[in-house]
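To keep things clear, I will list the structure first and then write my remarks on it.
The values are calculated or read from the model by the stated rules, or taken from the named source; none is laboratory data. If you're wondering where the values come from, they're calculated on a predicted model, not measured in any experiment. Here Cβ is always computed from backbone atoms with ideal geometry, including for glycine, and neighbour counts include all displayed protein chains.
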Ligand code: SF4
């Protein structure tokens with residue numbers, strides 16, 4: 001960590017990842033994992049001008065009461081001003097001042113089986129002029145629950161920050177704890193974590209591609225991709241004892257070895273997916289009414305993606321090359337020559353194409369890793385040391401970052417940055433380039449987590 | 001493409017599941033017979049989950065579990081719903097919306113809490129930001145525990161609820177789905 005003066009803090013350039021505060025400092029994290037800090041003065045710090053900083057500054061205010069001096073966006077993030085009985089006021093949503101504009105309110109309860117959030121669209125006719133997302137509905141007080149616990153106990157909360165990325169969150173948490181306590185994780189655990197992470201990526205890519213097609217009214221692809229996800233989850237259950245592999249990654253290693261027959265179950269699911277993928281891909285590419293809905297829809301221009309340091313398929317569909325798995329020292333990927341697809345179009349179709357291209361790569365990685373599993377123990381017990389560190393893991397939707405300060409084996413402070421925090425503004429921007437009926441496609445193609453940002 | 005579609009359409013329907021009689025009996029004492037029948041519409045409200053429970057709820061609709069074959073379907077509107085299915089801890093910020101969804105449903109209505117979070121807060125139990133599960137906001141008829149419960153457990157729970165509240169005597173057993181002819185191998 002580098003302590004900066006107020007001037008240097010504000011002047012600092014780079015790809016901004018996250019900002020948070022503790023009792024004495026405000027911290028900012030830049031790629032590829034550089035942590036800088038500034039001292040708080042009367043509970044305040046100078047606001048950062050990075051596009052992605054706004055949500056973090058609002059969050060720091062609601063969580064810790066710290067003010068970002070000079071911030072232009074001071075809306076509450078998670079503090080909805082609820083009374084004890086749960087009732088509370090609605091904020092005012094501003095529309096652009098043009099003739100014929102009106103507002104459409106959606107949520108917090110959505111039509112489908114998804115997480116809650118409120119979307120306020122300003123529309124003129126069918127065209128969306130502006131979208132304002134009001135999040136915070138799933139705020140569960142996760143950071144407070146992690147403080148005061150040992151890394152092993154706290155791993156249960158990291159695994160539940162965003163259930164669809166439970167392996168990635170648990171891995172990033174473990175990486176931070178292991179760096180803070182200077183633990184050397186056994187090689188077999190490193191490989192098994194990566195196998196689970198790639199399985200998780202495949203399960204999400206398949207189910208999300210299907211769901212986007214489903215939202216476009218194309219039920220067949222939805223059904224087939226949902227079946228692929230089902231096979232992968234059943235294989236995860238057979239191999240690691242849990243369909244989502246929750247609580248399988250722990251600080252110091254993994255909770256259990258891959259089961260007898262587990263590798264075979266996983267490989268079978270991969271074979272089934274690999275066999276069907278070309279025909280599903282052809283249907284996606286050939287079917288004109290489906291392409292009509294996704295091509296040119298919800299464009300995130302590369303410059304915008306760069307401004308928000310977008311990761312995952314949301315960034316890579318818009319020219320961003322970053323992938324946390326390429327970070328130096330991110331074992332075991334340095335042994336497997338990772339291929340990361342990148343496109344420039346930035347529309348819904350490009351995001352789907354990126355995910356379609358990542359599927360064969362994850363299949364290859366899992367096969368190679370399962371065939372070269374090192375014969376070592378699967379975990380070591382974390383000792384009761386002290387230290388602070390950041391840790392990262394590449395989830396299916398982008399890099400997840402954890403910051404931990406551990407004192408005598410107990411977590412004194414923590415912050416969690418899910419990539420969704422940087423992706424929600426992209427959803428807002430992309431929605432305002434399209435018609436209202438396209439919003440479900442745009443939203444699902446970026447698929448930002450609600451729980452991951454509400455904490 | 002059409003050949004692929006035809007092949008998949010003609011593949012076999014999944015095996016039907018039956019409700020567990022012991023669970024049906026206990027539930028019947030709890031919820032009593034209602035006039036809802038056996039074709040029930042479900043409104044899902046995610047009230048502060050980690051989204052794991054939603055993934056498995058969506059999976060109940062896939063080709064393996066095929067919840068729809070039992071007459072159970074998901075509806076976007078609470079006005080059309082017979083069952084309110086709640087996931088998540090009932091975060092304080094969701095309490096009002098959850099109560100409003102319940103109030104918007106026609107009576108009689110049933111409430112199911114899915115997942116440990118909705119049962120009692122799960123791992124988040126004791127957090128000051130939550131109402132400690134669905135029961136903190138609405139009266140719950142059935143809980144389906146698990147973190148997350150598997151799609152099979154969710155289907156089993158819902159089937160038992162359908163049987164428990166359905167007017168007696170039970171309708172004749174449902175027919176096996178017609179087996180479609182198989183295409184000759186290529
Ligand atoms: S019960 Fe488990 S899977 Fe379901 S929402 Fe809670 S933490 Fe997530």
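Data overview
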| quantity | calculated |
| --- | --- |
| Residue in region B:23-54 that is farthest from the other protein chains (Cβ to nearest Cβ), counting only those that are surrounded by fewer than 24 Cβ atoms within 10 Å (Cβ to Cβ) and under 26 Å from residue A:234 (Cα atoms) | B:23 |
| Answer residue from region B:91-108, given it is in contact (Cβ under 8 Å) with a residue 12 or more places away in the chain and more than 9 Å from chain A (Cβ to nearest Cβ) and is nearest to the ligand (Cβ to nearest atom) among those | B:102 |
| Per-region count, region A:310-327, residues within 19 Å of residue A:169 (Cα to Cα) and part of a loop (DSSP other than H, G, I, E, B) | 5 |
| Scope region A:16-46; condition surrounded by 20 or more Cβ atoms within 10 Å (Cβ to Cβ) and either in the same structural domain as residue A:402 (by TED's automatic domain parsing) or in contact (Cβ under 8 Å) with a residue 40 or more places away in the chain (or both); matching residues | A:16, A:17, A:18, A:19, A:20, A:21, A:26, A:27, A:29 |
| Subset of region A:80-110 [within 14 Å of chain B (Cβ to nearest Cβ), touching a strand residue (DSSP E or B) at 6+ places or on another chain (Cβ under 8 Å) and within 19 Å of residue A:62 (Cβ to Cβ)] | A:91, A:108 |
| Extreme residue, nearest to the other protein chains (Cβ to nearest Cβ), among residues of region A:113-131 that are in contact (Cβ under 8 Å) with a residue 60 or more places away in the chain and more than 20 Å from the chain's Cα centre (by Cα) | A:121 |
| Residue within region B:42-53 that is out of contact with any helix residue (DSSP H, G or I) (no Cβ under 6 Å at 6 or more places or on another chain) and away from the ligand (no atom under 16 Å from the Cβ) present | yes |
| Filtered residues of region A:221-254 (kept if more than 13 Å from residue A:203 (Cβ to Cβ) and within 16 Å of the ligand (Cβ to nearest atom)) | A:241, A:247, A:248, A:249 |
| Yes/no for residue B:118 being more than 8 Å from chain A (Cβ to nearest Cβ), under 19 Å from the mean Cα position of the chain (by Cα) and surrounded by fewer than 18 Cβ atoms within 10 Å (Cβ to Cβ) | no |
| Pair list, Cβ under 7 Å, 6 or more apart: region B:115-131 residue closer than 22 Å to residue B:151 by Cα, other residue outside any loop (DSSP other than H, G, I, E, B) and more than 8 Å from the ligand (Cβ to nearest atom) | B:118/B:86; B:118/B:134; B:119/B:113; B:119/B:143; B:121/B:130; B:123/A:156; B:123/A:157 |
| Which listed residue, of A:231, A:243, A:224, is within 13 Å of another protein chain (Cβ to nearest Cβ) and either part of a loop (DSSP other than H, G, I, E, B) or touching a strand residue (DSSP E or B) at 6+ places or on another chain (Cβ under 7 Å) (or both) | A:243 |
| Residue A:183 being in contact (Cβ under 8 Å) with a residue 40 or more places away in the chain and surrounded by fewer than 24 Cβ atoms within 10 Å (Cβ to Cβ) | yes |
| Residue B:162 vs. criteria surrounded by fewer than 24 Cβ atoms within 10 Å (Cβ to Cβ), within 14 Å of the ligand (Cβ to nearest atom) and modelled with pLDDT under 95 | no |
| Test: residue A:145 is closer than 27 Å to residue A:416 by Cα, buried (at least 21 other Cβ atoms within 10 Å of the Cβ), within 10 Å of chain B (Cβ to nearest Cβ) and without any contact (Cβ under 8 Å) to a residue 24 or more places away in the chain | yes |
| Verdict on residue B:112 being within 16 Å of the ligand (Cβ to nearest atom), touching a residue at least 40 places away in the same chain (Cβ under 8 Å) and within 12 Å of chain A (Cβ to nearest Cβ) | no |
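For every residue, the table says whether it meets (1) more than 14 Å from chain B (Cβ to nearest Cβ); (2) touching a strand residue (DSSP E or B) at 6+ places or on another chain (Cβ under 9 Å); (3) farther than 24 Å from residue A:161 by Cβ.
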position	(1), (2), (3)
A:419	yes, yes, no
A:425	yes, yes, no
A:428	yes, yes, no
A:431	yes, yes, yes
A:436	yes, yes, yes
A:441	yes, no, yes
A:452	no, yes, no
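Residue by residue, here is whether (1) in the same structural domain as residue A:408 (by TED's automatic domain parsing); (2) assigned to a helix (DSSP H, G or I); (3) under 25 Å from residue A:82 (Cα atoms) holds:
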site	(1), (2), (3)
A:105	no, no, yes
A:112	no, no, no
A:115	no, no, yes
A:128	no, no, no
A:132	no, no, yes
A:137	no, no, yes
A:153	yes, yes, no
A:167	yes, yes, no
